[in-house]
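Q: Quick one: the structure is below, and I'll ask about it shortly.
The values are calculated or read from the model by the stated rules, or taken from the named source; none is laboratory data. Given the structure is predicted, the values throughout are model-derived calculations rather than measurements. Glycine also receives a Cβ, built like all others from the backbone with ideal geometry; neighbour counts cover every protein chain displayed. Side chains included, ligands, DNA and RNA excluded: accessible areas come from the protein's heavy atoms. Shrake-Rupley method; radii C 1.70, N 1.55, O 1.52, S 1.80 Å.
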Amino acid sequence: MFILKRVGCVGIIMIPQFTSLFVGNFSACHCLSSTKRHSPYSSVDIERYSALVKAVMSSKVSSQTPENLQEEDEHIYGPVVKAQKPSSGSEVRVPKNLHPFLNCEETVETEEAESGPPARILLNRGKYRSLVPSVTRILQQTLSREQIFYLERWKRKMIAQLGDEGFNEYSQNLFRQGKLFHSTVEDTLISDATSMDKESSEKAEYQPDVQGYMESISHVLADVSAVRATESTVQHAKLNYLGIVDCVARYRGVLCLIDWKTSEKPKPFLSNTFDNPIQVAAYAGALNSDGNYKYQVENGLIVVAYKDGSPAHAHQLSSELMLKYWATWLLRLENFTEQSTSQASSSFVEKR
C-alpha cells in the first residue's frame, strides 16, 4: 500500500507505507534555483547560420540512400550485372577429361636444334576444315552471359556514336590494322632470324598504319630470340581443335608461345586481357600434341601493343598459370561439345 505525501515544492509523491523517508535536509527548490551552466553556444550568431542549418536539415537535400545512389549510377553507367551467388553446397567445376597439357612422349630438343628459319605451317582450308573447330570459334560460342552483356552494350554504344555504317567501317579498319600488324611482326621476326645484323632491322621503316604499334613493341622484340614458328597452324591430335599461333620464341631466355594483341585502351594487368590467356593455353596444348613440332612449350606471353607508340605491356604466363588456364580451356571445350551435340540433336528431330 502507498501513501501520498507532499515534499517541498516538488509536489506529491507516493511512498510505501512501510518505508520511512527522512526529508529534513532535502530541498528540491535549492537544486532548481542553482546557478545555470553557461552554454558555449550562447554566443553563436544564430541568424548568421540559420540559412546553413535550414539547408542541411531541409528534406529537399536529405542524405542519399543506397537505393537512389544505385538509380543514379544505373542512369549514368547502365544496369549493374550481378553474378549469381554460388550455393553453399556447390563445388568448383573441373573438366570431365583432364587431358594432359604436355605430351610426355615428346622429348624436348636442345638449343642447337633452334637454328634455321621459323616454321610456318599454313592452314588447310579444304573441305574438312569445317569439321575441326578453331580456338577462336570455341571461345566465342562459350562466352558467359556477363561477357555477352558487356560486348553487346559496347556495340550499342559504338553504333549510337558512329551509326551502323560507321561501326562496320570501324570494325573493318581494326581487322585490317590487326592483320597488317601481325604480318609486319612476322616479317620482322623472320628477317631477324635470317639476318646477322639486327641493328638494321631495328631501324626499319614501317607503314604509317602500324608504325605506332611497332614502336610500342620495340622493347619486347629486343628480348625475343630463337624464333621457332610464326603464324603457324597447330592442331590437337586427340581433342580435335586447331588454331594459328602468332609466334613461338624465347623471351628473355624462356621458350614461350607469344600472342600479339593491339588495344586502344591500356591493359597493364593480365586480368585486362579477358580470354586471351585461355587462348594462349589452348594453342600451346595443341602445339604440344601436334606431331609437326618436335618440342614442348610450357610458358606463354601476351604482348599488348598501342597505336600511339606507348610501351607495350608484356604479360608472362608461367607454367603454373598455363596449367590453370588449360583446365579452364578444357571446360570451355566441353561446353562447346555439349552445345554442338544438343544443336545436332535438335536439327535431327526437326528434319524428322
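Q: Once phi is turned into ³J(HN,Hα) by the Karplus curve 6.51 cos²θ - 1.76 cosθ + 1.60 with θ = phi - 60°, what whole-Hz value does each residue of region 298-311 show in order, with x for glycine and proline?
A: Running phi through 6.51 cos²θ - 1.76 cosθ + 1.60 with θ = phi - 60° gives 10, 10, x, 8, 10, 10, 9, 9, 10, 5, 7, x, 5, x Hz.
Q: Test of understanding: what is the full-extension gain from residue 145 to residue 264, defined as 0.36 nm times their sequence separation minus their Cα-Cα distance?
A: Gain in length upon complete extension: 40.4 nm.
Q: If the chain between residue 320 and residue 168 were fully stretched, how many nm would it gain, using 0.36 nm times the residue separation less the Cα-Cα distance?
A: 50.7 nm
Q: Between residue 343 and residue 158, what is the spin-label point distance in nm, taking each point 7 Å from the Cα along the Cα→C-beta axis?
A: Modelled inter-label distance: 2.2 nm.
Q: Another question, then. What ranking do 168-177, 236-245 get when scored by the average of other Cβ atoms within 10 Å per residue, highest first?
A: Highest mean packing first, the order is 236-245, 168-177.
Q: How much accessible area per residue does region 299-346 have, in Å², with a 1.4 Å probe?
A: Heavy-atom SASA per residue in region 299-346 reads 45 Å².
Q: Can you run the Rg to Rh ratio on region 224-281? Use alpha carbon positions and the Kirkwood inverse-distance Rh.
A: 1.01
Q: Of the heavy-atom accessible surface of region 238-293 (probe 1.4 angstrom), what whole percent is carbon and sulfur?
A: 52
Q: Note down the nm distance, to one decimal, between modelled labels 7 Å out along Cα→Cβ at residue 191 and at residue 97.
A: 4.4
Q: For a 30 Å ceiling on Cα separation, which of these pairs sit above it: 238/307; 294/324; 267/294; 96/157; 261/294?
A: Among 238/307; 294/324; 267/294; 96/157; 261/294, the Cα-Cα distance tops 30 Å for 238/307; 267/294; 96/157.
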